[in-house]
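K.L.:
Mind looking over this structure? Questions follow.
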């Protein structure tokens, strides 16, 4: 059964089992009983298995086909769910993904390969082999839940990662897999075992995240055992994408605007003009409002996660064309998500996003200093003047590079959609004791999951290839959920770092090029007021005021509304301009604020100072 249906959506899955441990048989005894319960030696001469499923959940229905190598743990899946089609697989060496836009990428980032190995290990029941195919097995004892006793094993396949397998102690059938994937815990519950060609297969699998709203059910409709399949059946497909073009040449450039360190540029969707954000951490996306304006139908309500501990409901739709300058992409599956909910935090409308599917088709150059974005046909790209090449790895639709912070190596996401300079994921920072020095606890960003909290400090040294960034602003995430709680990654390199360079992304060849860019202002400064403000009808609402920081010392509190700044009505001031002033004005600057609290208005003076 496939572990992932599309790369458009991050599905957070969790379990809330209440358990009571007691004595149990050994791991070998549990697995021996499991094999016997599913027909024992009848499995031994079976080489491959083709499976067909019905899919339902998250507001979508569809079909899934799987091909499994029962001897070596290779597998390949294809899906057609709602408006999305795609595939993923593991050929014994490479984990790969064919996303709904038709692009195929090798999945080497994060835990993608380890999770694919785990999937193949379970599909082929490699734990039945005498040496368990090199896996480490630990019995967790018997656990009782809702009156049923389970034998629970923790299994770590060779080159994979650990997961828990729950076997019914009475029937000896595998009933549950619990596996941590990044910041999410995936729980799959198997039931309705039926005989097929002398063995037993689970006909129903329920995937749940603790919220029935996002339940997914996969039902087996056909199963056929096959002889051994050729290597090509599991290999990463070769595709020649023909759905994109650049009129009249090999490249096109458009102006970009940098707001809150986010890149905005003009696009046309099905011929209608918009200004979208360009985000290497995201996907091609429109908001429900934009979809309505274009007459697009959204299907499904999947759980979308990112920065922040919350989530958004995400649907899917079909878009006829996306145009950026003279570049056009046709017939695309777009996500539909309420990105416009971020407008109060941004101070600028976000009707949509240009993301992975676009960057996957072109070589993309972000020239922050000269405020241009260039799309280049991959066949025409000349890397000789692009700068220093740095290998990238794909983790779903995001890209990662190897870098070091304070001498500690790690894998970092490259994210043009992050306003920050460098965010360290909480588990990575804790493991290497990287939180240190003068700093402040604060809301430091706002993403698809809402506010993102961190300890902001003046950092040490970030090394990216041959480039050294000294003393950047570093945010050590304190989020309990979302992207920055992912223990499999070191952190996130955002636009605060990237805007030092001309950044060229060559997804075809898994490379990023960096070269020094034109000088930029507002580098590595951090808010000197100690408050996070969002737009509100009467001005700017204080979402948080850090304890002991200038805003709180001046008397500002959460929920206050700033109606004027130095005598100028707040409605005449752009949010991002005020934020920049609170970052860049010199320590000691006094900012006069008119503040409304309930029915009272008072004048407060905030004296800016360095907090990190």
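K.L.:
Please enumerate the residues belonging to segment 8-32 that are at pLDDT 95 or above and surrounded by fewer than 17 Cβ atoms within 10 Å (Cβ to Cβ).
P.N.:
Going residue by residue through segment 8-32, those that are at pLDDT 95 or above are 26-32.
Hits for segment 8-32 are 26, 28, 29, 32.
K.L.:
Please work out if residue 82 is at pLDDT 95 or above and farther than 21 Å from residue 179 by Cα. Outline the logic, then answer.
P.N.:
Working: at pLDDT 95 or above: no; farther than 21 Å from residue 179 by Cα: yes.
It is false that residue 82 is at pLDDT 95 or above and farther than 21 Å from residue 179 by Cα.
K.L.:
Quick check on my filter: what residues within segment 209-236 are part of a strand (DSSP E or B) and either closer than 19 Å to residue 54 by Cα or touching a helix residue (DSSP H, G or I) at 6+ places or on another chain (Cβ under 7 Å) (or both)?
P.N.:
If we filter segment 209-236 for residues that are part of a strand (DSSP E or B), which is where we start, we get 216-226.
If the condition is that a residue be part of a strand (DSSP E or B) and either closer than 19 Å to residue 54 by Cα or touching a helix residue (DSSP H, G or I) at 6+ places or on another chain (Cβ under 7 Å) (or both), then 216, 217, 218, 219, 220, 221, 222, 223, 224, 225 are the ones that fit.
K.L.:
Could you please find all residues in segment 527-543 being touching a strand residue (DSSP E or B) at 6+ places or on another chain (Cβ under 6 Å) and more than 17 Å from residue 608 (Cβ to Cβ)?
P.N.:
Hits for segment 527-543 are 534, 536, 538, 539, 541, 543.
K.L.:
Hey, among 185, 148, 189, 156, which residue is free of Cβ contacts under 8 Å to residues at least 40 places away in the same chain, surrounded by fewer than 19 Cβ atoms within 10 Å (Cβ to Cβ) and within 20 Å of residue 486 (Cβ to Cβ)? Show your work before the answer.
P.N.:
Values: 185 fails: free of Cβ contacts under 8 Å to residues at least 40 places away in the same chain; 148 fails: within 20 Å of residue 486 (Cβ to Cβ); 189 fails: within 20 Å of residue 486 (Cβ to Cβ).
That would be 156, the only listed residue that is free of Cβ contacts under 8 Å to residues at least 40 places away in the same chain, surrounded by fewer than 19 Cβ atoms within 10 Å (Cβ to Cβ) and within 20 Å of residue 486 (Cβ to Cβ).
K.L.:
Identify, by number, the condition in (1) under 25 Å from residue 355 (Cβ atoms); (2) touching a helix residue (DSSP H, G or I) at 6+ places or on another chain (Cβ under 8 Å); (3) crowded, with 17+ Cβ neighbours inside 10 Å that residue 434 doesn't meet.
P.N.:
The number of the failed condition is (1).
K.L.:
Being under 25 Å from residue 106 (Cβ atoms), buried (at least 18 other Cβ atoms within 10 Å of the Cβ) and in contact with a strand residue (DSSP E or B) (Cβ under 8 Å, 6 or more places away or on another chain) narrows it down to one residue among 296, 285; which is it? Give the derivation first.
P.N.:
Numbers: 296 fails: under 25 Å from residue 106 (Cβ atoms).
Going through 296, 285 in turn, just one is under 25 Å from residue 106 (Cβ atoms), buried (at least 18 other Cβ atoms within 10 Å of the Cβ) and in contact with a strand residue (DSSP E or B) (Cβ under 8 Å, 6 or more places away or on another chain): 285.
A quick yes/no check of all residues on (1) modelled with pLDDT of 95 or more; (2) surrounded by 17 or more Cβ atoms within 10 Å (Cβ to Cβ); (3) part of a loop (DSSP other than H, G, I, E, B); (4) in contact with a strand residue (DSSP E or B) (Cβ under 8 Å, 6 or more places away or on another chain):
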position: 455; (1), (2), (3), (4): yes, yes, no, yes
position: 468; (1), (2), (3), (4): yes, no, no, yes
position: 474; (1), (2), (3), (4): yes, yes, no, yes
position: 479; (1), (2), (3), (4): no, yes, yes, yes
position: 484; (1), (2), (3), (4): no, yes, no, yes
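K.L.:
Next question. Checking the condition crowded, with 16+ Cβ neighbours inside 10 Å and touching a strand residue (DSSP E or B) at 6+ places or on another chain (Cβ under 8 Å), which residue from 178, 199, 138 passes? Working first, answer last.
P.N.:
On the way: 199 fails: touching a strand residue (DSSP E or B) at 6+ places or on another chain (Cβ under 8 Å); 138 fails: crowded, with 16+ Cβ neighbours inside 10 Å.
Residue meeting the stated conditions: 178.
K.L.:
Now a separate question. Being surrounded by fewer than 18 Cβ atoms within 10 Å (Cβ to Cβ) and over 16 Å from residue 66 (Cα atoms) is the filter; apply it to segment 85-103 and report the residue that is nearest to the chain's Cα centre (by Cα).
P.N.:
Ranking the candidates gives 94 first.
K.L.:
A follow-up question, please. Just to be sure before I move on: is residue 428 under 22 Å from the mean Cα position of the chain (by Cα), modelled with pLDDT under 95, in a helix (DSSP H, G or I) and more than 20 Å from residue 263 (Cβ to Cβ) in the structure I sent? Before you say what the answer is, go through the steps one by one.
P.N.:
Numbers: under 22 Å from the mean Cα position of the chain (by Cα): yes; modelled with pLDDT under 95: no; in a helix (DSSP H, G or I): yes; more than 20 Å from residue 263 (Cβ to Cβ): yes.
No.
K.L.:
Also, I was wondering about something else. Of all strands (runs of 3 or more DSSP E) completely enclosed by segment 355-425, which ones contain at least 2 residues that are assigned by TED's automatic domain parsing to the domain that holds residue 319 and more than 21 Å from residue 470 (Cβ to Cβ)?
P.N.:
Passing ranges, in order: 363-367, 372-376, 388-391, 393-395, 398-405, 408-414.
K.L.:
Pick out, from segment 257-338, the strands (runs of 3 or more DSSP E) lying fully within it that include 3 or more residues that are within 30 Å of residue 523 (Cβ to Cβ). First the steps, then the outcome.
P.N.:
Values: elements: 257-259, 262-269, 272-278, 299-304, 312-324, 327-336.
Passing ranges, in order: 257-259, 262-269, 272-278.
The values are calculated or read from the model by the stated rules, or taken from the named source; none is laboratory data. These figures come from a predicted structure and were not determined experimentally. Counting neighbours? That spans all protein chains shown, and the Cβs are built from the backbone with ideal geometry, glycine included.
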